[in-house]
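Enquirer: Following this message is one structure expressed as structure tokens.
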Amino acid sequence: MLALALLPATAVEPDGPWPPPELVVEAPASLAGAAARIERLDRRRLEQPVRLTGLRRPGPPVRVVLAAEDSQLARQAPSWVAGYAWGALGVVVLFPERSPAYPDGSFEEVVLHELAHVLVSRAAGGREVPRWFNEGLAMFAGRSWRLGDRSRLTWALLLDRRLELAAVEEGFAGGRAEAGRAYAFAGAFLNDLIRRHGIDAPGRILAAVALGRPFDDAFRDVTGLPLDRAEASFWRRHSLWYRWLPVLTSSATLWLGITLLALVAIRRRRRRDAEMAARWEAEEAARAEAAGGWSDQSWSDWRGDA
């Protein structure tokens, strides 16, 4: 077993006093490469979960345990889980030999995601926060909102699933597919919260919780809206777009559009053909009228027979 301590940077930028936490990595020799990847993590990426949780002082070192697939920790976790965290204990457990599953796309994203869970617990003073908030914030800390997230949310909406946050909360305890949809819901809501109220909004909510405010009250204090109204507003603003996006971009819609354009083109062509035929008929009638004006007498007069 090797242990690696990653110390936070000593210098703090004037415009961003967000020192990353100290990470103490424990790994068997077989996972030394994964430990080195954590060591090479950009400190600016490590600052992101600190900033989101509003922790100017990230607290004591976070213990990061890298577990091999033949370990007891790996056997106890579902095969699709690439990592988890014990926030109150300040411990992160990672399985580097597993391919990262949604919502993470790389080993580094898993590290940041699970680190965020520890920092959320610290920012909330160890008090409970809804899992959708915790997971949504961890998603934002690990990476940006992606097209794949939109697709998952879109298809869930098309299936007319229940979208209340209470149902999202239950989804995390379900199977892999249900958990994936729950992550998409949580990520979308937190992404919207940060976009509308600022990147410091989650940290302000957590700080109020740490002072003893119930989560719903802390949410209302920071956003100015009760949670149920904020939730209703979110789905009202997003449901129409997410429900119709697949329809608008489907192949059936594409061919329907092509067909309509073709029908319009045919109609315009027929109208032009009719207008041209009418013009030709008018010209032909004019020529015939001009030719009919030469009577036999006029022709004789022209020949000099009269």
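Enquirer: Return the residue satisfying two criteria in turn: it lies in the range 218-272 and is modelled with pLDDT under 75, over 17 Å from Ala184 (Cα atoms) and of a type in the set (S, T, N, Q), and of such residues it is most open to solvent (accessible area, probe 1.4 Å).
Expert: Looking at the filtered set, the residue picked out is Thr249.
Enquirer: Just to be sure before I move on: is Ala291 at pLDDT below 75, in a loop (DSSP other than H, G, I, E, B) and of a type in the set (A, V, I, L, M, F, W, C) in the structure I sent?
Expert: Considered against the rule, which asks whether it is at pLDDT below 75, in a loop (DSSP other than H, G, I, E, B) and of a type in the set (A, V, I, L, M, F, W, C), Ala291 comes out as no.
Enquirer: So is Glu114 of a type outside the set (Ser, Thr, Tyr) and out of contact with any Gly (no Cβ under 6 Å at 6 or more places or on another chain) or not?
Expert: Criteria not met by Glu114.
Enquirer: Filter the range 165-188 down to the residues that are charged (D, E, K, R) and within 16 Å of Val129 (Cα to Cα) and list them by number.
Expert: Glu169, Glu170
Enquirer: Further, regarding this structure: How many residues are open to solvent by 10 Å² or more (accessible area, probe 1.4 Å), part of a helix (DSSP H, G or I) and either touching a helix residue (DSSP H, G or I) at 6+ places or on another chain (Cβ under 7 Å) or touching a residue at least 12 places away in the same chain (Cβ under 8 Å) (or both) if we restrict to the range 172-184?
Expert: Looking only at that region, the number is 4.
Enquirer: Continuing with this model, one more query. Quick one: what pairs do we get from the range 64-78, first residue over 14 Å from Glu26 (Cβ atoms), second of a type in the set (D, E, K, R) and open to solvent by 70 Å² or more (accessible area, probe 1.4 Å), C-beta under 8 Å, 6+ apart or different chains?
Expert: Glu69/Glu97; Pro78/Arg176
The values are calculated or read from the model by the stated rules, or taken from the named source; none is laboratory data. Remember, it's a predicted structure, so these values are computed and weren't measured experimentally. Heads up, the Cβs are rebuilt from the backbone with ideal geometry, glycines too, and the neighbour counts pull from every protein chain shown. SASA here: full protein model, heavy atoms, side chains in, ligands and nucleic acids out. Shrake-Rupley method; radii C 1.70, N 1.55, O 1.52, S 1.80 Å.
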